[in-house]
Every structure is written in C-alpha cells, then in structure tokens.
Amino acid sequence: MGIFDFFKPKSKEVNIASILPQEIYEAGVLELRDIIAPSALKIGPRELNLGDKIVRTFFVISYPRFLSEGWFSPIINLDKVFDISIFIHPIDTATVLRQFQKKVAEVQSQISTRQKKGLVRDPMLDTAFQDLEGLRDSLMQAQEKLFDVGLYLSIYGENDSELDKIESEIKTILESKLIYIKPALFQQEQGFRSVMPIAQDELGVHSKLNSSPLSSLFPFISFDLTSDKGILYGINRHNSSLVLFDRFSLENYNSITFAKSGSGKSYNTKLEILRTLMFDTEVIVIDPEREYEYMAEATGGKYFNISLNSTHHINPFDLPIPREDESASDVLRSNIINLVGLFRIMLGGLTPEEDALIDRAISETYALKDITPDTDFRNVEPPLLSDFELVLAGMEGGDSLVQRLSKYTRGTWAGFINKPSNIDIESKFIVFSLRDMEDELKPVAMYIVTHYIWNAIRKNLRKRLLVIDEAWWMMKSEDTASFLLSLAKRGRKYYLGLATITQDVDDFLKSPYGLPIITNSSIQMLLKQSPSSIERIQKVFSLTDEEKYLLLECDVGEGIFFVGLKHVAIKVIASYTEDQIITSDPSQLLAIKKAKAELTESSEKETSK
C-alpha cells in the first residue's frame, strides 16, 4: 500500500441506479481517514509536502564505540515538532556467535600477519579484537543480547529554510556525540510510513547494538516541566532540569500527595511550605503527628496543640464577620448547616427526626444570645455547647440527644469544645497539632479546626496555603469529606490553595469524595507506593507499567510530579539549612536537640563567669 492509498479518502462518486440504499448511506459516512488526511500530498526526493506542512525523514547510520546514558535526551527535549520511531529486532544469539567466530579469526589473522612482517602494531585492530572478544564472552554467558536497531526521525516545518535550520540543529547535537544521520533520499514515502504509529519498518536501515548501549535509547524522557516563576519542587530525574512552579498561577491552587509511610511526603511538604513562606504567602497546617512544631518555632510561626488537656480552645458556635458581598442571614444559615454536620459526627449519626430537632435547637440557641438573621451579631458573644444542651433538654424528643451530648459538656471530653475560643491566627505560619487528641475525636477536631480556618480565610482576602496532612482521617466521615471537597472547589475564590496529603490511598479513594478532590487539584505528587495500593494508583492516574514500577522501586523523596496532563519523574532536594529545619529523621532530631542543649549549657557557663 502506498502513502497515497493510506491517506486516500474513499470515493464519494456513487451510481444511484446500480447500488443499494445501504451502500448509498455508507458512501456518505465520514471516516477517520477523511479527517486526518492532508488537503494535498506531494512526494519529493528529500521531503514530503503534507498540505501546509513539509516533513523530512532521517535515519541514523553510525554510532560511536560507547554510548553514554541519556545521550538522546537533548533531541527528545528539543522544542520542535518531530516524530521518532525506534525499531528493535532481536538477533538469534547462536547465529551471531557463528559470525563472531569468523570475524574474530579474521582480525586475529590480520594482527598475526602484521607481526610476521615486522610492521608497527595497529591500535584499531587491537581494539577491535578486544571488543569482539568481550562481546562474544557476554553473549555466551547470556549477559548481553544483540539487536538490529533502526532509529528514524521526521521533522516538520513551514518551508525548506525552516527544515534546514532544524536539520542543522539536530545534526550538531548528534555529531557532537559522534552519531551521524542522513536523509532518506528517494525514500521519503517509506521513511514517513516508518515513523507513523503503524509499526511498519519500511526503511530497514539498521545498526547492530547490544543490550547495554540499547538501554541508553530508553525514551522515558519528558519535556521540561517548569514555569517562569514559583518555587522549586525538585529536580527532573531524566534531564536534571528544575521543576519550578507557582501553584497560584494555575487553574486552581490545590495539590494532592499520595505516598506510603516513610517515603518523604512530610519532608516534601515542609520543604514546599518553607519555600512558599518566602513569597508573601500565609501557610496554615493541620498536623496530626506533631511533625511541624520545630519548623513553626524555627520560622517564627504559631503552634496550637489541640487536645482534651490543651489550653487552646475553639468554640464551634463562633460566627465569622460577614463580607461585603454577604448578609448576616447568609452567614448564620451557613454556620447552622455546618453545626448540624458537626453534631452528626459527634453523635455517631442522626435520624431525619433528630436532624430536624438539632437544626431547630441551634437556631433557638443563637436566639438566646440575640443572634437572629435580622440582627447585627458582630459584637454579640456567641453561645457555648452547654447553652445548646440546655435548649435541647427543654425540647420534646431531645432527651436521647442530650444524653449522647453530655460527654462533650460534662464528661471526659468537656474541656475540648465547651469553652470560648482563645486562638489568634494572625501570623504568617500557623500549625494546629492534633497528635495528642484521641483517635475517636480526631475527625471531630479536624472538622472544627478546618471550619474555624475557613471562617478566618473568608474574613480577610489574602494569599494562603492550607495543608491537611493525613487527610484520610477526614475521609472517614461523609461530612468531613464533603467539607474537604468544598474547600477544594471554593478555595480559589478566596485566594486559598489546598494541599492534601495522605498515606492511606484506599481509605481516601473509597470515599465518593476522593476522586473529585483529585480532579480538583492542579498539582499531583506520587511518591513511593506500596504494592497493595499501586494497582489503584495506576488506574486513577493512568500510569504506564514502567511508571508503576518506578513508584514501587524509587528511593525516599522520589516519585512522579503531575501538572495538568504533563508529568515528570522528580527528586526532591533540599539545601543543608532547609534540611536542618524540616527533617523528620529521629537521629537528626536527636543530634539537633543535643547541639541545642550543649549550646545552652555553654552560654550559661559564660554568663556565670
């Protein structure tokens, strides 16, 4: 089949009198080749004219004695329009060994003849003999295999001068590595078909390569994934370029990170926070494992420990000050809905009747403090949970709810939320630690803290980043998961970026809100994964098998970085100073603690003198 036949649209000329109605219908149906076929096609000795584009195909004719790793990277990363095909044809080892035996004998004979004649030793013959012997040994021991390799390249341009310029640039890059190419003269049709994705090697221009140099052709090399401004996320593992991005310049400001325990997800997140703080961005962290305390201290931030015995309290009945585009009734209604969701988590679920009763009791509790949709409640003291309990106790059908609520007002958990708020988050870096909170209360605490943060964010419009570590805690409840999704969707309006980090992939993706949170995140980071979750990750992110194995075998701080449809293999690298601030390594933390103690002891001795 010629190239004209491949692109040729089917004939539309139909003899109505001689064919059936079905054939008339099929003749008028538009097919794929009708769409992709160029408007015109002309074959020349050095190029093809495809409509308004010109294409020229080349093949590699010669390689050097050694091929270095990544030698093909400068070509793949060229900012040009081109297509590449690599054809690899295995050669039977037994056949090759027979040919090698003959070739080794020929070279050895030439060396012996020169010696008998008393001629000076020929280094080229000696090198050829050593190479042949070495490769033959590797083939016999099954350490290497031999292949016929065809490497073809098609470049596109608007005119001949543009093609000549691209050709010169490619030749310069390759010839500097002693690799030579030639255009497929009078074979442009066969060359173009060889580069098309139909797996037909019609040029048949091959070079013999063994396994080691062939591996240097591995095409898992991405374009640079970077922008003109932003923070450094890491190094592109394939071409050592910088992965540089500003999340606040993307379509939304959200990110999500999946990683197994110990793979460097918290280290990577803290590094991003440290670099983000340098660009006039406020950062708020919900920390379930107390990993950000030292960092908050080192950067002059505020650290709040949320627990049953903590001196820091948040009253869920607090109301945010309405914005200019909001009314008091809108704010009150929104907070009542949020409180119903909170009580649903606290009380282990509500029946429809209990849900309605809770809704009415919240409204009456606010009314006791003169807070109604028609009043200005800016300077009014909000009610407490115990006030809500009193109102609920006086309502018919509220006895069961009061009994379940009592542990939060008079029981062991009373010190958690039944007190006025005493937290001020007016700082550039804020950390809420939930490590000392009981596991049963963590979803409740995360819900209360995130709502408190959300109300503060809506109050003043500033560039902020909200980091939720171990977000799978919030996916355990439908109300907290739903709120997390609403943050991802609505955050952009308030100049808020949401960074979601989790190690429990299954719990996160089992929630109906998990996948929408991923799709509403412009930046996605996959670090080292466990075998139990990799299949799910591969399906969600449409990973190739090679990328799947990369995530299984990569080291700490390595993975795949996604921005939109593009992604690269990344390695997170910190400077020495950054590492001292953000490290979670227990040995490093002990060393830092010891050094601080010695410094304090030394300063005390100097003072005493």
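The values are calculated or read from the model by the stated rules, or taken from the named source; none is laboratory data. This structure is a prediction, so every number in the text was calculated from the model and none was measured. Neighbour counts run over all protein chains shown; Cβ positions are idealised from the backbone, glycine included.
Counting only helices (runs of 4 or more DSSP H) that sit wholly inside the stretch 1-119, those with at least 1 residues that are at pLDDT 75 or above and charged (D, E, K, R) are 93-116. Of the numbered criteria (1) at pLDDT 90 or above; (2) crowded, with 17+ Cβ neighbours inside 10 Å, the one residue 161 fails is (2).
Within the stretch 363-413, the residues that satisfy the criterion of being touching a helix residue (DSSP H, G or I) at 6+ places or on another chain (Cβ under 7 Å) and under 18 Å from residue 348 (Cβ atoms) are 385, 388, 389, 392, 397, 398, 401, 402, 405, 408, 409, 413. Has the stretch 519-531 got any residue that is more than 16 Å from the chain's Cα centre (by Cα) and under 23 Å from residue 558 (Cα atoms)? Yes, that holds for at least one residue. Here the condition is being surrounded by fewer than 17 Cβ atoms within 10 Å (Cβ to Cβ) and touching a helix residue (DSSP H, G or I) at 6+ places or on another chain (Cβ under 9 Å); of 433, 421, it holds for 421 alone.
Check 351, 412 and return the single one that is of a type in the set (S, T, N, Q), surrounded by fewer than 18 Cβ atoms within 10 Å (Cβ to Cβ), over 23 Å from residue 452 (Cβ atoms) and under 45 Å from the mean Cα position of the chain (by Cα).
Working: 412 fails: over 23 Å from residue 452 (Cβ atoms).
Step by step, each of 351, 412 is checked, and only 351 is of a type in the set (S, T, N, Q), surrounded by fewer than 18 Cβ atoms within 10 Å (Cβ to Cβ), over 23 Å from residue 452 (Cβ atoms) and under 45 Å from the mean Cα position of the chain (by Cα).
Residue-by-condition table, conditions (1) assigned to a loop (DSSP other than H, G, I, E, B); (2) over 33 Å from the mean Cα position of the chain (by Cα); (3) over 15 Å from residue 87 (Cβ atoms); (4) assigned by TED's automatic domain parsing to the domain that holds residue 546:
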{"residue": "147", "(1), (2), (3), (4)": "no, yes, no, no"}
{"residue": "155", "(1), (2), (3), (4)": "no, no, yes, no"}
{"residue": "167", "(1), (2), (3), (4)": "no, yes, yes, no"}
{"residue": "174", "(1), (2), (3), (4)": "no, no, yes, no"}
{"residue": "177", "(1), (2), (3), (4)": "yes, yes, yes, no"}
{"residue": "182", "(1), (2), (3), (4)": "no, yes, yes, no"}
{"residue": "194", "(1), (2), (3), (4)": "no, yes, no, no"}
{"residue": "197", "(1), (2), (3), (4)": "yes, no, no, no"}
{"residue": "204", "(1), (2), (3), (4)": "yes, yes, no, no"}
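Restricting the first member to the stretch 273-296 and to residues that are of a type in the set (Ser, Thr, Tyr), and the second to residues that are assigned to a helix (DSSP H, G or I) and surrounded by 19 or more Cβ atoms within 10 Å (Cβ to Cβ), the beta-carbon pairs closer than 7 Å and six or more apart or on different chains are 292/270.
Can you find a residue in the stretch 408-422 that is of a type in the set (Gly, Ala, Ser) and assigned to a loop (DSSP other than H, G, I, E, B)? Outline the logic, then answer.
Let us first name the residues in the stretch 408-422 that are of a type in the set (Gly, Ala, Ser), namely 411, 414-415, 421.
Retained after the next criterion (residues that are assigned to a loop (DSSP other than H, G, I, E, B)): 411, 421.
Scanning the stretch 408-422 turns up at least one residue that is of a type in the set (Gly, Ala, Ser) and assigned to a loop (DSSP other than H, G, I, E, B).
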